[in-house]
Amino acid sequence: MRVAIVGGGWAGIAAAIALAGKAELTLFEAGRALGGRARSIGRTDARGNALDNGQHILLGAYRETLGLMWKIGVAPEAHLKRLPLRIQDASGFCLALPRLPHPFHLLWGFLTARKTGLREKLHTARWMRTLRARRFAVPPEADGSVAQWLDAAGQNGVLRRRLWEPLCLAALNTPAGYASARVFARVVQESLGNSASGAADLLLPRGRLSDLLPDPAQEWLDARGVAVRLRERIHALRPQADRWRIVGRRGAETFDRVILAVAPWHLPPLLAELPRAVFPAPPRDAEPIATLYFDYPESIALPYPLLALDGAHGGWLADRGGGLLAAVLSGHGAWERLTDEDLAVALHDDICAWFPHPVALPPYRIIREKRATFSCRPRLVRCPQTLPWRGLFVAGDHTVPDYPATLESAVRSGRNSARLCLDAHSGLACG
Ligand SMILES: Cc1cc2nc3c(=O)[nH]c(=O)nc-3n(C[C@H](O)[C@H](O)[C@H](O)COP(=O)(O)OP(=O)(O)OC[C@H]3O[C@@H](n4cnc5c(N)ncnc54)[C@H](O)[C@@H]3O)c2cc1C
């Protein structure tokens, strides 16, 4: 069976790894390397260290992603720094989960949180208990914004501003004012509400993002005879009897099955030549992310490798070692209207709150991803992984119901698309 995978992001990579040895496989990637929206780029910092297209943070709950790394011989602990969850900002707020069994780590974390009163802590601990009893479920018909959900739960104090809203923005890349409560509740369940040891841990890449999966995956696939064809954008997809003609740089080629593992906004053009069929379209609205890399003097180190910024633009700050700090701004906001220089100055001011002495604005690099992820809004219907044409499947972070756009949803969708593709009965008749 000849299978084509279009798109070499984490979803396409996961699909390829699952199918290697089970099909004659070709992976087409438009870019110069695998990795898609989670990869290292050619640009370096002032000291020559490779930069990533954006600072990525994984969670201990990313079971499929960590399993995939193991599968291709990458030991996650060698490439990821594991940190117990700690949300801390310069206002003095700090919520840290100790290494205790679930749910005592949560109880301890909430009760010892700084800059919030006992009443609010107890109220939140009770709310968490109620959520747990309901298995963190928000019924689809009751899905509204995270802001409405927090209002209804009486979460209106310090924990809302310093914990829930920043967490929502970081996890869903969508502001709480219009992010889906149902998806956020699922994220809270998988991290804070998860009884598996270390599920809420934060995992920070120690070095290049591409070393976690894309580069070793390329080697692994090469060694197994998978044709990985970089710089090959697919322009069109045409049904031909029970097979597929896919049109790229080298003309048309025929495959038995095709997995489209592209970002949601790249999917419609690929389906443009197919006979009409009705199915939920991929999400159209996107949210941006900016990553600002600051090259501070090597002596600069943060009190914890990941801190929250509490200036006008919010955001997170990761310590990449050797004085290199990465500030991340997620979702639509006023920051988008600032020039690079104004944005760097504003964030440098926020960062300086962590330094004992004034420090001059260092050299910086800014990477703005205008379409970093889909906008994770209430009642968003996901594009199905099996399309209404025989032998055509979709993978990608946007396809997993009730999950935000993350590496884990990309990997999960990729593995699932491989399973569907191997199932001879998948798909309906060609339209
Ligand atoms: C700046 C930034 C920060 C992020 N931070 C985090 C984080 O901290 N934690 C987290 O879990 N997630 C994070 N994410 C989200 C995560 O990176 C994505 O959810 C994930 O990478 C999506 O993978 P994918 O394979 O579904 O899609 P993509 O990565 O978009 O892969 C699709 C691939 O298809 C290729 N392609 C498109 N069209 C064609 C075509 N016609 N022919 C051939 N190839 C094509 C593209 O070049 C691309 O390589 C972040 C994303 C960004 C941008």
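Assorted remarks:
- All positions within segment 356-398 that are more than 22 Å from Pro140 (Cβ to Cβ), within 14 Å of the ligand (Cβ to nearest atom) and charged (D, E, K, R): Arg365, Arg368, Glu369, Lys370, Arg371
- Within segment 263-296, restricting attention to residues that are near the ligand (Cβ under 10 Å from one of its atoms) and farther than 23 Å from Arg368 by Cα, the residue that is surrounded by the most Cβ atoms within 10 Å (Cβ to Cβ) is Leu270.
- Among (1) within 16 Å of the ligand (Cβ to nearest atom); (2) buried (at least 21 other Cβ atoms within 10 Å of the Cβ); (3) farther than 24 Å from Val183 by Cβ - the single one Ser413 does not satisfy: (3)
- Of the residues making up segment 16-39, those that are in contact with a Leu (Cβ under 8 Å, 6 or more places away or on another chain), within 12 Å of the ligand (Cβ to nearest atom) and of a type outside the set (Asp, Glu) are Ala16, Leu27, Gly31, Arg32, Ala33, Leu34, Gly35, Ala38, Arg39.
- Residue check, Leu361 of a type in the set (A, V, I, L, M) and buried (at least 16 other Cβ atoms within 10 Å of the Cβ): no
- Residue within segment 48-63 that is away from the ligand (no atom under 12 Å from the Cβ) and among the acidic types (Asp, Glu) present: no
Residue-wise test of (1) buried (at least 18 other Cβ atoms within 10 Å of the Cβ); (2) outside the structural domain of Asp319 (by TED's automatic domain parsing); (3) at pLDDT below 95; (4) acidic (Asp, Glu).
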residue	(1), (2), (3), (4)
Leu107	no, yes, yes, no
Leu118	no, yes, no, no
Ala125	no, yes, yes, no
Pro140	no, yes, yes, no
Trp149	yes, yes, no, no
Gly157	no, yes, no, no
Leu163	yes, yes, no, no
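- Scanning segment 64-84 for residues that are within 14 Å of the ligand (Cβ to nearest atom) and under 30 Å from Lys121 (Cβ atoms) gives Lys81, Leu83.
- Residue satisfying all of: in segment 1-15; more than 7 Å from the ligand (Cβ to nearest atom) and of a type outside the set (D, E, K, R); farthest from Leu237 (Cα to Cα) among these: Ala14
- Scanning segment 373-388 for residues that are of a type in the set (A, V, I, L, M, F, W, C) and crowded, with 17+ Cβ neighbours inside 10 Å yields Phe374, Cys376, Leu380, Cys383, Leu387.
- In a residue-by-residue description of segment 14-30, the property of being assigned by TED's automatic domain parsing to the domain that holds Arg250, within 19 Å of the chain's Cα centre (by Cα) and not in a strand (DSSP E or B) applies to at least one position.
- When Leu306, Leu347 are checked against the criterion of being at pLDDT 95 or above, touching a Lys or Arg at 6+ places or on another chain (Cβ under 9 Å), under 30 Å from Trp149 (Cβ atoms) and not assigned by TED's automatic domain parsing to the domain that holds Arg243, a single residue qualifies: Leu306.
- Considering residues of segment 311-347 that are touching a residue at least 12 places away in the same chain (Cβ under 8 Å) and among the β-branched types (Val, Ile, Thr) only, the residue farthest from Gly177 (Cα to Cα): Val345
- Test result for Leu260, modelled with pLDDT of 95 or more, aliphatic (A, V, I, L, M) and surrounded by 15 or more Cβ atoms within 10 Å (Cβ to Cβ): yes
The values are calculated or read from the model by the stated rules, or taken from the named source; none is laboratory data. Keep in mind the model is a prediction, meaning the values are calculated, not measured. Reconstructed Cβ throughout: ideal geometry from the backbone, glycine too, with neighbour counts over all protein chains shown.
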